[in-house]
Amino acid sequence: MAAGSTYTPIATYTATGSVSTVTFSSIPQTYTDLVLIGAAKDSNNYTGMRVNNSSAANYSRTYMTWNGTSAGSARTTSDTTLYVGGNDTNFEVSIYNFQNYSNTTTYKTILGTQKIANATSIAAVGLWRSTAAITEIDIYSVSGATILTGTTFTLYGIASA
Amino acid sequence: MTPILGILASQISGHLSTNSYESIATVNVGSGGQSTISFTSIPSTYKHLQVRGLLRTNRGLAYDSVNITANSITSYSTHQLAGDGSSASAAGASSAQTSIQYNNITGNGATASVFTGMVLDILDYADTNKNKTFRYLIGYDANGSGYINLASGASLSTAAISSLTFAPQNSSLFQQYSHLALYGVKG
């Protein structure tokens with residue numbers, strides 16, 4: 001069996017003021033998966049994510065929520081963004097896995113979990129209906145609001161043997 | 001990487017390997033399909049294992065099931081919280097099963113090019129004093145259908161895990177472009 005160190009930090013961004021968009025661009029195509037780990041606050045309570053700067057209605061998402069008392073599930077279809085959280089009071093921590101992001105054969109599946117302190121937990125699977133390799137990830141405040149100071153995201157690359 | 005508006009380029013940290021997470025082996029399914037994906041001779045030198053990948057089978061329905069087994073262990077339990085886009089439900093099998101079963105990976109009847117994503121953690125896999133805990137996040141979305149599962153499983157054996165096998169449950173084959181990669185996490 002081959003072995004090699006991986007789970008490599010590619011880039012980290014920490015907002016020192018309010019910003020409209022956090023962009024990871026020119027993502028190297030040398031990994032197998034990407035993992036994006038972050039904590040975000042959003043003045044509009046709605047943070048979205050797009051890939052390759054695409055605003056076409058090619059995003060969809062199946063997710064479930066639970067809060068210690070009850071659980072539910074819902075989905076979005078043919079959307080222009082993937083909802084990835086957002087709260088203007090507490091940071092929402094999240095982990096997103098972009099499986100086989102650089103292949104040009106499959107649509108892109110994104111697995112994620114999200115949590116705000118003392119609030120609902122979310123597990124979700126998103127789809128970007130494109131076979132293009134992912135070269136850019138944008139996290140932005142939907143409806144033109146702002147991502148707030150202290151928001152931080154780190155993008156990691158995982159290379160398989 | 002290109003800096004972004006409002007973010008200082010000096011805050012970028014790049015290409016720093018932590019050396020605590022290592023790729024062990026990868027299986028990429030070729031054009032003929034594959035009935036099982038196995039990792040054997042797994043070294044016992046890590047603290048935890050992680051399996052990551054994408055799966056889809058050639059079953060003629062939109063969904064298929066996959067069985068996960070370790071070594072030759074035949075006793076497992078599972079518990080899961082599952083969402084189907086309309087409601088969430090909890091389920092489990094606390095009595096012994098012969099494998100860890102997951103029932104909603106994409107089959108050939110699903111939307112083309114949609115694969116099921118999976119991240120599976122196996123904790124303390126080499127400790128011979130513990131039954132082994134499996135924890136996995138798995139799901140697919142097909143723009144109007146899909147499932148998401150957050151689940152745990154246990155192999156009811158204290159044996160160190162030295163092999164893992166993933167097999168479709170319905171005599172189907174994993175389709176081309178399915179792939180699983182095994183990683184070791186150091187303690």
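Some notes on this structure:
- Based on the convex hull around the alpha carbon atoms, segment A:97-161 presents an average projected area of 6.3 nm².
- Listed from fewest to most Cβ neighbours within 10 Å, the set A:LYS115, B:LYS130 follows the order B:LYS130, A:LYS115.
- Radius 15 Å from Cβ of A:ALA74, net charge of other residues (Lys, Arg +1; Asp, Glu -1): -1
- Using the Cβ-Cβ distance between B:SER86 and A:ALA161 with R0 set to 25 Å, the FRET efficiency works out to roughly 0.05.
- Cα Rg, Dmax, segment A:8-158, angstrom units: 14.5, 43
- The phi-based Karplus calculation (6.51 cos²θ - 1.76 cosθ + 1.60; θ = phi - 60°) puts the 3J(HN,Hα) values of segment A:126-134 at x, 10, 10, 7, 8, 8, 5, 5, 7 Hz, whole numbers, x for Gly and Pro.
- FRET E, pair A:SER143, A:THR30, Förster distance 30 Å, beta-carbon r, rounded to 0.05: 0.25
- Local electrostatic count, B:VAL185, Cβ distance below 9 Å [Lys/Arg +1, Asp/Glu -1]: 0
- In range of the label at B:ALA112: residues from segment B:143-186 whose backbone nitrogen is under 17 Å from the point 7 Å along Cα→Cβ: B:143, B:175-178
- Label-to-label distance, nm, for residues given as A:ALA119 and A:ALA133 (7 Å Cα→Cβ offset): 3.7
- Residue exposure proxy: A:SER143, A:SER73, A:SER102, B:SER75, ordered by other Cβ atoms within 10 angstrom of their Cβ from fewest to most, comes out as A:SER143, B:SER75, A:SER102, A:SER73.
- Going by neighbour counts of Cβ atoms within 10 Å, the residues A:LEU148, A:LEU111 line up, fewest first, as A:LEU148, A:LEU111.
- Residues of type lysines that A:LYS41 reaches as a straight line, Cα spacing below 17 Å, ignoring anything fewer than 8 places off in the same chain: A:LYS115
- For chain A, the relative contact order comes to 43 percent (Cα pairs under 8 Å, sequence separation of at least 6).
- Computed on segment B:69-124, with alpha-carbon pairs under 8 angstrom and 6+ residues apart, the relative contact order is 30 percent.
- Segment B:109-187 versus segment A:1-42: alpha-carbon centroid distance in Å: 24
- In nm, spacing of pseudo-spin labels at A:ASN45 and B:ALA159 (7 Å Cα→C-beta vector): 5.3
- Sum of side-chain charges, B:GLN50 neighbourhood, beta-carbon under 15 Å (Lys, Arg +1; Asp, Glu -1): +1
- Extension gain from B:ASN103 to B:SER171, taking 0.36 nm per residue of separation minus the Cα-Cα distance: 23.1 nm
- Gyration tensor verdict on segment B:46-187 (Cα atoms; rounded if a/c is under 1.5, prolate if a/b is larger than b/c, oblate otherwise): prolate
- Value of relative contact order over segment B:18-185, rounded to a whole percent, pairs C-alpha under 8 Å and six or more apart: 42
- Under a 5 Å amide H cut-off, with hydrogens placed 1.01 Å from N, A:VAL84 pairs with A:THR47, A:GLY48, A:MET49 among residues at least 5 apart or on other chains.
Read-outs throughout are calculated quantities, based only on the coordinates presented, and are distinct from any laboratory measurement. Quick caveat, the model's predicted, so the values are computed rather than measured. For neighbour counting, all protein chains shown are included, and Cβ atoms are generated from backbone atoms with ideal geometry for every residue, glycine included.
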